[in-house]
Each structure stands twice: as C-alpha cells, then as structure tokens.
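Contents: one structure, followed by commentary.
What follows is calculated from the coordinates using simple rules that are stated; it is not laboratory data. Remember, predicted model here, so these are calculated numbers, not experimental data. Neighbour counts are summed over all protein chains in view; Cβ atoms, including those assigned to glycine, are modelled from backbone coordinates with ideal geometry.
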Amino acid sequence: MHISKSLVADVAHELERERIALTFEEPLETRYEQDNEASRRHQLLVCGFIALATCNFFLVSDWLLVPEIFTSAVLVRVGIITPLALAVLFSLFFKQKSSIREASQVVICTAVSASVLYLTLLGDSQLKGFHHFCIVLVVIFTNVVQRLRFPYAAISTIITFFLYCTALFYLQSFPVEVKITAVMIMAGAAVFTLIANYSLEKQFRRTYLFSLRDQIRNDELNLLSQIDPLTRLKNRRGLELLMSEFWSETGAPVQPTCIALIDVDHFKSYNDNHGHLAGDQCLGAVADIIRGELRGTRHQAFRYGGEEFLLVLLDVRLEDGIAIVEQIRKAVEGSLKDRWSTQSFKAITVSAGVAYAEPEDQIEFELCISNADAALYAAKDAGRNRVMSLNDWEAQKIVCGG
C-alpha cells in the first residue's frame, strides 16, 4: 500500500472527530469506496439472490390470502420483479459508481414494495387486509440486512412509507383505527431500522479507519525494517524484496540490469585510526553521495554490509552502468577530499565492480553479485579508486596469464 503523509493525516483527522461522519473527506472517501467496492458488490449479490427467492416464495402467501389474483401475482413477481431484479444483480458483476450501485438497489426495493401493495389492492378476498404486512420485511431487509448507504436507505424507506400510506387510503374495507395502527407500526419499523442502519454504517466506517490506521502502521514498520539506520539506504531485506520483483524465479532479470558493488577503500584502517564515530560519519557521507547521484532515477542503492554498498541499475547496458558508477566514484573522491583528508588519508575513495545480466542470460541473482564482487576485487588489486567490470577482470587475467 502506498503511504502518503496526507493519508496518515486524513485518517488521524477522521478518528479525532467526535462523531464519525457517514461521508469522509476526499480523497479518503474515494479510497474507502475503492477498498470496499468488491466486498460490497459481493454482499449485495448474496443478499439480492436470497431476497429474490424469498419474494417469489411469497407466492404461497398470495395463494392463501388472495387466491383470486394468483395469476396476476405470478405475472408481477415472476414476470416483472424477477427480471428487473436479475438485471440489477447482473450489473453488480461489473464495477460501477457507488451512487449508481446504491440507487439501483433503491429502485428494486421500492419496486417490490409497490408490487406487494398493488396485489393487495387488486384482491377481493376478505383476508387481503393481512396481505400488506410483508412490507415491513422489505424495510427490514433494505435497512438492516442489505444495509444500503444511509442516504439511500432513507430515500427507499420514505418512498415505501408513502406508498404504504397511499395504499391504506384506498383500502376501503379497513377501519380507520386499524389504518392508524398499521401506519404507526410501519413508521416505527422505518424509524428503528433507519437508526440501526445509521449505527451500523457509522460503526463500519469507524472499523475501517482503525483497520486502515493499523495497516499504515504495519507498512511503516515494514518499511523501516528495510532501512539501514546508519546510511538511510535500504538493507539486505529491502534488496531481497526488490529482487523478488525484478528477478524472475527462472533465474534471469526481467530487464537488462547492472549490479554494482562499491567498497570504501582502506576503510578498516580509517576506522581504526579515527574511531568508529568518524567511520560511521564517513559511511553516511558516501551514502548521501550515492543517493544524490541516483536521485530521479529508478535505480536503487543498498547497504550490503560493512563498508560495502550494492547498486541495482535497472534497464541499463553495461557501458551505461559503468558510467553511472564512475560518476559516483568521482563524486566521492571530489566531495570528500577536503572534509575527510588527514595526514594518513589524503582522500576518501571507493572501488567498484560492475556485473551485467539480461533476460536471455538465465543467470541467478546471487551469481551476478558474485561476478560484481570478483570485479570489485580486481579493482582493488589494480590499485583501488577505480571501477571495473567482469569483462575487465577477465581481460586482466588473460594479460597476467591467469
């Protein structure tokens, strides 16, 4: 996960608020929707198919309470509501804006409510007065089971309540006292389920914030575990993670890559003569130069151990890689000459060995490092303060009869 200071600040700001809002400030709201989009679609799909099966199962209630309109009930539930619901559910297999996703659920829920009330008004049976009570189930499903986002749940509930009151007005056989009681029961169900919906969404968002904060902290700790505290370059763990991405399991880089090993010349003597603190400062200064030379590129620098640094130069040929390392060598020699020169050390210098690999070579990463290490030792044997490649080392062996 990419961690930015703004993300950390946004999460902290939302958690510090006395009340968790039902809409975060941007860009946190966009991230919230992106992180929960897949699970939200899955939830709506599962709940939707269960609700559709339940809706058609209520054909039994239609047959028992208003048998005279059973054919119409089959037509409405199976011929109209089912295809509409399936179309909405099918759309959930694809990514869409949260507003469209939630609004489509409002449409299908209010359509189910309208269909039930229509069948109630259509019937002539003396028992039809009991047929409309299942509307309460629609409200419970929308607000508590399906958990539409609160604004959409409120809209769906208000529309359903309005339709319900309108249908009761046209039920002439219903006594006024019963109508008033039915409206009160419906209003109570609407209010209680909306309160539950609000509380659930608020708690869900608060849980998301805590989860995101923990994830940020874990990522920060993971990032810190990859950083060498002295040089502020990545360490070997960071190197392993990088190589798992840029070096294939078949034993080849995914793109032309140079591996360079850089070693501070005579560092042990410098450390012994001037103390460990001066040695640490020297390594930090070299690391700063390396970091500065690689700034703005995709290349990576690591503290490989002791006074050694390892560079991974991505998508470069051998001659270009040598040129980059040579520029670092010159920068170290020039930048640290005045500050670090002493009677025993005229200047701090580095030696480097460069190895090259490309996808066709099928060379293991460890072997490529070994090649760079061999070139580094060749550079030291040749007098230090220089950059050599494996090819230079092989040529030197031939000249020397090695």
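Summary table below
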| quantity | calculated |
| --- | --- |
| All Cα pairs of the stretch 5-219, percent lying beyond 27 Å | 41 percent |
| Debye log10 I(q)/I(0) at q = 0.11 Å⁻¹ for the stretch 106-240, Cα point scatterers | -0.53 |
| Burial ordering of V66, V254, V286, fewest other beta-carbon atoms within 10 Å first | V254, V66, V286 |
| Residue order, fewest to most surrounding Cβ atoms within 10 angstrom, among K380, K97 | K97, K380 |
| Net charge over other residues, Cβ less than 13 angstrom from the Cβ of I100 (K, R count +1; D, E count -1) | +3 |
| Rounded to 5, percent antiparallel among DSSP beta bridges of the chain | 85 percent |
| Between the stretch 68-135 and the stretch 204-279, the Cα center-to-center distance that results, in Å | 58 Å |
| Cα Rg over Rh - the stretch 31-82, Kirkwood | 1.26 |
| Value of Rg to Rh for the stretch 236-399 (Rh from inverse mean 1/r over Cα pairs, i.e. Kirkwood) | 0.98 |
| Percentage, to the nearest whole number, of Cα pairs in the stretch 196-333 over 26 Å apart | 40 percent |
| Overall Cα dimensions of the stretch 11-54, principal axis frame, Å, largest first | 43, 20, 11 |
| Which label in (1) 148, 52, 31; (2) 65, 52, 39; (3) 112, 48, 24 gives the computed Cα extents along the principal axes in Å | (3) |
| Relative exposure of E37, E220, E102, judged by other C-beta atoms within 10 Å (fewest first) | E220, E37, E102 |
| Lysine pair number, Cα distance threshold 23 Å (strictly under), the stretch 236-399, separation 8 or more or different chains | 10 |
| The chain: calculated mean residue ellipticity at 222 nm from DSSP helix runs of at least 4, using -39500 (n - 2.57) | -20500 deg cm²/dmol |
| The chain: DSSP helices with Cα axial extent of at least 18 Å and average Kyte-Doolittle hydropathy no lower than -1.0 | 28-57, 98-122, 150-170, 176-224, 276-294, 318-335, 365-381 |
